């Protein structure tokens, strides 16, 4: 398996992803399938809601973040997450160019399984103005280098 | 606004959603766009991975959970979440029929804004065998009934 093993991760290491530009069509397409609410579907109706205009579903922001993470964190055997703690401090809007800034928070070898460990990363998803639209902390299963 | 207001939520109240049946095409389509990793894209390649076969992206399970939540929790003004704490205890597979079992954990009126509060819900997404494929705790912004 090509890619990064547990031994390759260092607490405090940072990484940055490429960018993804979001438009209204993408926002509406995701929303129709998974989050069909007025503020994710229609610009006019969205004006009279909490968001004051069209905004992406938080789950859409999360999914785009995953696509950026897959591109920027080449873990051997793939990115396998057991869960995530997410916050969306501000909405993602049509025209936003998103990128990911990641940091390794912890590297924890498994006590019971000598072939693996957990790498906990914190990811900030930022728009083109540097504003954070999502924070996410997630533990990833990472393999140790084969002996 | 039609739907539920803060006063309509009671701690301990439970709700159940309808079902969504997932197939391999849906799993691959989501993965191609947001999580293009072998275990989400190709049945044969997936056999030699941690998952031992095709599995849905966790973010796909989360997005389907949102669609079930939109159908089953008609909050006035829409479902507006500030974040979520998610875990995926087991994979979602092709053919799985998912549904949501929700419970109200807390109802907290805002101290500073008299028109709103936060309803914290815990959602379990289960497959056709009753096995939990995702747990999620999330605080939702909910409006108080207009005077």
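The values are calculated or read from the model by the stated rules, or taken from the named source; none is laboratory data. Keep in mind the model is a prediction, meaning the values are calculated, not measured. Neighbour counts are summed over all protein chains in view; Cβ atoms, including those assigned to glycine, are modelled from backbone coordinates with ideal geometry.
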So is residue B:50 farther than 30 Å from residue B:105 by Cα and in contact with a strand residue (DSSP E or B) (Cβ under 6 Å, 6 or more places away or on another chain) or not?
yes
Considering only residues of the range A:47-57 that are crowded, with 23+ Cβ neighbours inside 10 Å and more than 8 Å from chain B (Cβ to nearest Cβ), which is nearest to residue B:49 (Cα to Cα)?
A:56
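Each row is one residue, and each column tells you yes or no for (1) over 14 Å from residue A:91 (Cα atoms); (2) more than 10 Å from every other protein chain (Cβ to nearest Cβ); (3) crowded, with 22+ Cβ neighbours inside 10 Å; (4) in contact (Cβ under 8 Å) with a residue 12 or more places away in the chain.
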residue	(1), (2), (3), (4)
A:11	yes, yes, no, yes
A:16	yes, yes, no, yes
A:38	yes, no, no, no
A:42	yes, yes, no, yes
A:45	yes, yes, no, no
A:59	no, no, yes, yes
A:63	yes, no, yes, yes
A:71	yes, no, no, yes
A:74	yes, yes, no, yes
Checking the structure you have, find out if any residue of the range A:74-91 is at negative phi and more than 18 Å from the chain's Cα centre (by Cα).
yes
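Could you pull out the residue among A:78, A:102, A:95 that is in contact with a helix residue (DSSP H, G or I) (Cβ under 9 Å, 6 or more places away or on another chain), more than 14 Å from chain B (Cβ to nearest Cβ) and over 21 Å from residue B:85 (Cα atoms)?
A:95
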If you go through the range A:82-93 one residue at a time, how many are buried (at least 21 other Cβ atoms within 10 Å of the Cβ) and farther than 18 Å from residue A:40 by Cα?
2
Select from the range A:18-27 the residues that are within 29 Å of residue B:50 (Cβ to Cβ) and surrounded by 14 or more Cβ atoms within 10 Å (Cβ to Cβ) and list them in ascending order.
A:20
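So how many residues does the range A:94-116 have that are without any contact (Cβ under 8 Å) to a residue 60 or more places away in the chain and either surrounded by 14 or more Cβ atoms within 10 Å (Cβ to Cβ) or in contact with a strand residue (DSSP E or B) (Cβ under 9 Å, 6 or more places away or on another chain) (or both)?
3
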Do the conditions hold for residue B:83, that is, is it away from every other protein chain (no Cβ under 13 Å), modelled with pLDDT of 95 or more and in contact with a strand residue (DSSP E or B) (Cβ under 9 Å, 6 or more places away or on another chain)?
no
